[in-house]
1. Out of all the residues in the stretch 89-105, is one or more in a loop (DSSP other than H, G, I, E, B) and either without any contact (Cβ under 8 Å) to a residue 24 or more places away in the chain or over 24 Å from GLY319 (Cβ atoms) (or both)?
2. It is to be established whether one or more residues within the stretch 224-246 are more than 16 Å from ligand 1 (Cβ to nearest atom), farther than 30 Å from VAL167 by Cβ and of a type in the set (A, V, I, L, M).
3. Please find, within the stretch 72-89, the residue that is surrounded by the most Cβ atoms within 10 Å (Cβ to Cβ) out of those that are at pLDDT 95 or above and over 19 Å from ILE43 (Cα atoms).
4. Can you tell me which residue within the stretch 240-287, out of those that are within 30 Å of THR32 (Cβ to Cβ) and in contact with a strand residue (DSSP E or B) (Cβ under 6 Å, 6 or more places away or on another chain), is surrounded by the fewest Cβ atoms within 10 Å (Cβ to Cβ)?
5. Among the residues of the stretch 26-58, write down those that are in contact with a Ser or Thr (Cβ under 8 Å, 6 or more places away or on another chain) and not in a strand (DSSP E or B).
6. Please verify whether ASP218 is touching a residue at least 12 places away in the same chain (Cβ under 8 Å) and either in contact with a helix residue (DSSP H, G or I) (Cβ under 9 Å, 6 or more places away or on another chain) or under 21 Å from LEU62 (Cβ atoms) (or both), treating the condition exactly as stated.
7. Quick one: which of ARG154, ARG166, ARG146 is more than 16 Å from ligand 3 (Cβ to nearest atom), over 30 Å from GLY38 (Cα atoms), in a helix (DSSP H, G or I) and of a type in the set (Lys, Arg)?
8. With the condition kept exactly as written, say whether any residue in the stretch 40-49 is within 16 Å of ligand 1 (Cβ to nearest atom), closer than 20 Å to LEU219 by Cα and at pLDDT 95 or above.
Amino acid sequence: MSTTPSPLVSTAPLLSAEELKVAFPGRRGAATARAVDGVDLDIRPGEIVALVGESGCGKTTLARSLLGLVPPTSGRVTFGRAPLDYAGRALKAYRKRVQLVLQDPSGSLNPRHTVYDAVAEGLRIHGYAGDERAAVSDALSRAGLRPPERFFLRFPHELSGGQRQRVVIAGALVLEPELIVADEPVASLDASVRGEILALLLRLRDELGLSALVVTHDLGLAWNIADRVAVMYLGRIVETGPVEQLLTAPQHPYTRALLSVLPEAEGEPVVLAGEPPDPSKVPSGCRFHVRCQVLASGEAERAGVAEACRTVDLPVLNGGGDAQVACHWAAACAGEGGGGSGDAPMT
Ligand SMILES: Nc1ncnc2c1ncn2[C@@H]1O[C@H](COP(=O)(O)OP(=O)(O)O)[C@@H](O)[C@H]1O
Ligand code: SF4
Ligand SMILES: [Mg+2]
C-alpha cells in the first residue's frame, strides 16, 4: 500500500467540488435520478484520492462533472480556486490540465490508430507547436513503454491489455496535465498487470507531482494507491479520510461492509439487505438505512439513534482531508468514546 502520503501534498486544493449535484430527468414520467446528490470533495496537488463505491452510486457522473463533461444541476467545481468556465475555449484549456483516463476496453483506443497517432491525438487537438515526436516519445517512456519508438507503429490489437492501458495513460500524460481522473483504470486487467499500472500511477505522483482521482468499485485497490479515500453511496460521500485510517478503523457501516468482503478481511462478510440503490428513489433519513446492518441488528436502536437513522438526513461532509463520517450511530459511538476510535462493534 501507499504507506507515506506524498510529500508534495499541500493544503490548498487543486480541484474542488462544492455542494455538487447532478440530476438526470426520468424518462416518460419516471422520477429524477439524483446521481450526484450533494458532494464536497477536494483534491490537492500531488494527492491521489480514491473514489470508491458500488456500481451505480454515481462515481462516473461525479468524475465527468469534475471534468466539465456533465454540467452540474447545482453547486460548483473550482480549479485552482477559480470556478470552472463552461464556455468552449475555457473548457478546452481546462481539459488539457485535467485529463480523463478510461479503461481501455471502454473504447478509448481507436483500433485503426497506431500507438503514435493515439498518443499524438491530444497534441493535435490542442494545436501543440513543439516537437510532436519528442513529446510522444517522452509520454510513452513515462508510461513505461520503452523504447518508445518500438511502439510507434503498433496497433492496439498487437499489444497486451497492460500495454494498451499504458498507451491510454501516455495519451493523457502527453498534455502534461496537473491532474488525471482515472475511471476504473485497472478493472479489466489481470491481477499482476493491475499492480504494475497502479505502481505507474504512484510513480507519476512522486516524479511529476501529478494529482489523481482514481474511481473504483474496489476498496482493496484504494489500499494500494490512495493517499485518501472517499466512499460514495447513492450520490453522497458517506465517509472520507486518510487511507490508513479509513481502512483500518472504518466508521460507516457501508465502509465496513465493503471492507468485510475483501479477500484479506477477517471475520464474516457483511451481507447487505435490500435492493441495490436507485438514485430515483433516495430513502428518507440516512440514505443507507434500508440496507444498514447496524440498524437491522438493533445496534442503532441500542445507541438510541434508530429513529434518526430513518428520518434525519445527514449533512454533506466537507471535502477536506480529515477523517469524516456521515452516520448517526458512528457519531453517537464517538460521543461515548467508542466509534471514533474504531472500537465500535463490527456488526
Ligand atoms: N446520462 C444519464 N441519464 C440518466 N441516468 C444516468 C445517466 N448517467 C448515469 N445515470 C444514472 O446515474 C446513476 C449513477 O451512475 P454512474 O455515475 O455511472 O455510477 P457508477 O460510475 O458509480 O457506476 C445510475 O443509476 C445511472 O443509471
Ligand atoms: S445513520 Fe444509521 S442507518 Fe445510516 S449508516 Fe449510520 S447506523 Fe446505518
Ligand atoms: Mg462508473
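1. There is at least one residue in the stretch 89-105 that is in a loop (DSSP other than H, G, I, E, B) and either without any contact (Cβ under 8 Å) to a residue 24 or more places away in the chain or over 24 Å from GLY319 (Cβ atoms) (or both).
2. yes
3. THR73
4. SER280
5. Listed by number, the residues that qualify are GLY26, ALA30, ALA31, THR32, ARG44, PRO45, GLY46, GLU47.
6. Yes, satisfied.
7. ARG166
8. yes
The values are calculated or read from the model by the stated rules, or taken from the named source; none is laboratory data. Since the structure is predicted, the reported quantities are computational estimates derived from the model, not experimental observations. Heads up, the Cβs are rebuilt from the backbone with ideal geometry, glycines too, and the neighbour counts pull from every protein chain shown.
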